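The values are calculated or read from the model by the stated rules, or taken from the named source; none is laboratory data. Everything numeric in this text was worked out from a predicted model, so none of it was measured. Because the Cβ atoms are built from the backbone with ideal geometry, glycine has one as well, and the counts that use them run over all protein chains shown. Each accessible area value is taken on the protein alone, full model and side chains, heavy atoms only, with ligands, DNA and RNA left out. Shrake-Rupley method; radii C 1.70, N 1.55, O 1.52, S 1.80 Å.
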Amino acid sequence: MEESHGVDNLLAATEILRSSIEKSRDIGIAVDQSGFRLQQTSHNLASLQCSVKNIATKCRVYGIRGHLDRAIGPAAALLQVLDLVHELQNSIQFDPPRAATSITRLQEALKLLADNCTLLILWLQDAVHILTSNAASPDDWYLVRASKVVSILRELQLFCQDGGVISSAFVTLENEYRRLLTQTDFSHPTFPEPELQAIARVLAANNRLHRCTSIYAQVRIAEARATLQALHVDYLGIQLSEMDSVQNVETYIYQWDNHMEFALRNLLLNEYRLCKKVGDDDDVWMNCFAKIATECGFIEIFDFGSSVCNCKKEAMKLLSLLKIFSTLDRLRLQFNQLFNGKFCLEIQNKTRALVKKVVDGASEIFWELLAQVELQRETDPPPDGSVPRIVCFVTDYCNKLLVEENSSILTRVLEISQVWNRACFEQGLLSNEIHNTMKALETSLESWAQSYNDTALSYLFMMNNHWYLCNSARGNKLGELMGKSWVWAYEESVEYYAALYLRESWEKLVVLLHEEGLTLFPGGRAINREVAKKRITIFCEAFDEMYKKQSKWILCDKALRWKTCHLIVEAVVPSYKSYLQRFMSGLEHELNYTAERLEELIALLFQPTYDGSKCTDLKGMKNAAAISHFSYTPAAA
């Protein structure tokens, strides 16, 4: 009876096995290759249950009931674990959010399945040994079936150990990780941080953290690059060389400043914080962040600043370099926070290289400013007596350098350069150099004034330029640097040169209207109108000649132009009008000009023109100076 009870238990186990085989056959259709292999194994288990049933009959003959009893327990457990494996596979495949938990259970189930296979193999091998010992022939049906069962169990054991099922599960888990990264709004305070961490821990525990960080980097790089592209950064593709003027991209430098700040204080800072949140291993995730930073488009933004440093060396480039240095200096804390680790060496090296290029380039341009002003002295002054473009440019340029946002940065740049070159930095170095530059400009003005053949034009030139200098320096940083006495001296010199100009030109016309020889008889009062008319004609011819010549001369400022014309009118018109009233009364219609007409003509003198290449209006000259390249050329040896 006891032996019959054992057989009944075995028959019950085989029924469970048959039911499990049917389930595995249905599930096998929906699973991947690993599932297909498991399906094949399940088919083999179908023959196993038949073999066990038949072997049980044989056992009654050979008396191996004890071995059979020991095998029944593991066999039942094996079938239950096999069902669990199928359930976990389905859970992972059809419920990915629970994949991290299910994979851990699947690994445990596969290990238990493999262990049960080991026990069953041991007991069945004993049964095979007894059958063989009892003179069963090699082709004995029972012996063949028992051996086949052992073979099936070994195949199932290998299947549990070769990693096929778990590898498929990991692929599903990685896909779920990618889905979470792609569909999650990380700006939301309740983004699924625990889920991402849980998946990362499972992958890390199974030596697949590299897959996790690779997926994370791919998704975040694509997201970050799309964000930067939305900022309209097409200018980053502009190729610049030493032949290009920085003014071609000047407007882009201000965009670059905004984009650099956004990238560091928003985009990359968020990526940095996310890497800290979703991962446990700082080294691994900081390496991941470095990959994101170098491949998301930030390097292209960074390289644009370096490209600007390659532009042609010209005065205006200094202001652009100061803007770049200001940007880097303002974001220094962000650079140190984000890129201080050992994985960001590329960005660290690029930062150091860019700072060096900016400091060296800015220092070189600044120290050559004085020499370039002196070099321009060899050029000819404007033939119309207007303000030379170099004067407009240098005064406007020095004013810009002295503005607080530029002067503080330039002082730092010069100080850094001095330290690098192991030179002692002198306080007030910037102010001294600009002061010397303005003094050199004054010397150039004196030299140019002496080069005019027309003395009157020379005086008008000095009056014109001194008016421009005092007005350009009044009420700004340049005026503060040069001092009030310097500004006042130029105001007084305008009056001085105006007087010299009138004496050398228009006042010479008035002497032509003298009264000598106008009376018909010595001591008489009768006027010789013919002589008076002739002198007026000579005056008018001289006026025409002077007017024709000076109509080509230019006074850039409207106020100076009005003032000068008013002085000319005062010097000429009253004398002319008085002469007409005294000696040509009633005959004005016979003359070339009336007094009123002279005044009208004089008011039209010194008018500015602007032909696109020559600026002659004060406001226009400042604008032209702002766009002047003033390219640096080597000084003569």
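Tabulated data for the structure shown
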read-out	value
Separation of the THR251 and GLU480 label points, Cα + 7 Å toward Cβ, nm	3.2
Apportionment of accessible area to carbon and sulfur, region 265-381, percent (1.4 Å)	47
Cβ-derived FRET efficiency at R0 56 Å, GLN607 paired with ASP303, nearest 0.05	0.70
Estimated inter-spin distance, THR443 and SER431, nm [label 7 Å along Cα→Cβ]	2.2
Linear extension gain, ASP234 paired with ASN310, 0.36 nm per residue minus alpha-carbon span	25.5 nm
Computed label-point distance, nm, for sites LYS277 and SER187 using a 7 Å Cα→Cβ extension	1.3
Region 219-275, accessible area per residue, ligands and nucleic acids excluded (1.4 Å, Å²)	51
For TRP506, distant residues with modelled amide H under 5 Å away	none
³J(HN,Hα), Karplus 6.51/-1.76/1.60, whole Hz, each residue of region 288-293, x for Gly, Pro	5, 4, 4, 5, 4, 4
Full-stretch length increase - LYS356, GLN218 - with 0.36 nm per residue and alpha-carbon distance subtracted	46.4 nm
Under the Karplus curve 6.51 cos²θ - 1.76 cosθ + 1.60, θ = phi - 60°, whole-Hz ³J(HN,Hα) for region 221-227, x wherever Gly or Pro sits	4, 4, 5, 5, 5, 5, 4
Per-pair calculated FRET efficiency, R0 = 41 Å: TRP367 and PHE262 via Cβ, rounded to 0.05	0.75
Gain in span if fully extended, ARG503 to GLN197, counting 0.36 nm per residue against the direct Cα distance	101.0 nm
